[in-house]
Amino acid sequence: MSALAMLEEVSGRGVKLLQYADNLPLHQLSVAEIEQLAETASGHGVTIELGLTGCDLALVTTYLDLARQFGARILRIAPTAEESARDNAEIAALLRDAARPSRDAGVTLAVENHFHLPSPRLVEILELVADPAVGVCLDVANSLACQEWPADTIRMLAPFAVNLHLKDYRVALDPHGVGCAMVGTPLGEGVLDIGAVFVELFAHGRDVNVILEHWLPWQGDFTASHAAELAWLDRSIARARQEPAIH
């Protein structure tokens, strides 16, 4: 999908918030494409948030320029595997350098728990950064890759959350009884306790934007995968609208 097509899909469903991240890196678009996208989002009344992978200051600066064009106030950032392999003080220094221009731009950096950083490390890094311009993009399921159960991840990161990636999953047993896999589902059709996520957030006074995500299995080709994703999106939006905490 193009960035514009994604925006049209969101707007057509009455959703008023869209986060572009490394799934569709906007810095690779032309100036004309960016201008058209920003104008269309504004015309549809859709708020845009941005995201990138890596703490490279030059790339962060590029995205802050984009944030000004879109009026974006959240910049989700996910340290790379290589950056995550550094010690906590080094990662904190990278984020501190990125926080200065972000603060000047009126943008909050939302560091995602993105597979490589266990939550205790991310908490320590944020405490080292100690800057209100830097918080957490809390993904409720990513840290399964760090051997954390989601309830533990949510408990540890909720006090720092400035953004939420909400997705559902189930534990799928191998058909031959040998092991299992974490498999994505539409929101409300897996094992995630959605209400408990917001109880934890609200306990810490965090009222954050909610981004719906999917771990959608590849369906064999683009056409089938695209159709399945839109069907999942409809089901997830319908479930999200039933949740009193999502408004």
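The values are calculated or read from the model by the stated rules, or taken from the named source; none is laboratory data. Bear in mind that the values here come from a model prediction, so they are computed numbers and not experimental data. As a convention, Cβ positions derive from the backbone with ideal geometry for all residues, glycine included, and neighbour counts pool all protein chains shown. These area figures cover heavy atoms from the full protein model, side chains too; ligands, DNA and RNA do not enter into them. Shrake-Rupley method; radii C 1.70, N 1.55, O 1.52, S 1.80 Å.
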Q. In the range 71-105, which residues are touching a strand residue (DSSP E or B) at 6+ places or on another chain (Cβ under 6 Å) and among the charged types (D, E, K, R)?
A. Arg76
**Q.** Residue that is farthest from Leu230 (Cα to Cα) [pool: residues in the range 154-189 that are surrounded by 17 or more Cβ atoms within 10 Å (Cβ to Cβ) and among the small types (Gly, Ala, Ser)]
**A.** Ala158
Q: Quickly run through the range 10-24 and pick out the residues that are open to solvent by 30 Å² or more (accessible area, probe 1.4 Å), out of contact with any Gly (no Cβ under 8 Å at 6 or more places or on another chain) and either among the β-branched types (Val, Ile, Thr) or at pLDDT below 95 (or both).
A: Val15, Asn23
Q.
Test of understanding: among Thr53, Thr40, Thr61, which residue is open to solvent by 20 Å² or more (accessible area, probe 1.4 Å), in contact with a strand residue (DSSP E or B) (Cβ under 9 Å, 6 or more places away or on another chain) and either closer than 19 Å to Ala105 by Cα or not aromatic (Phe, Trp, Tyr) (or both)?
A. Thr53
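Out of Glu82, Glu127, Glu90, Glu148, report the one residue that is open to solvent by 10 Å² or more (accessible area, probe 1.4 Å), of a type in the set (Asp, Glu) and closer than 30 Å to Pro186 by Cβ.
Numbers: Glu82 fails: closer than 30 Å to Pro186 by Cβ; Glu127 fails: closer than 30 Å to Pro186 by Cβ; Glu90 fails: closer than 30 Å to Pro186 by Cβ.
Residue meeting the stated conditions: Glu148.
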Q | Answer residue from the range 93-115, given it is of a type in the set (S, T, N, Q) and under 17 Å from the mean Cα position of the chain (by Cα) and is least open to solvent (accessible area, probe 1.4 Å) among those | A | Asn113
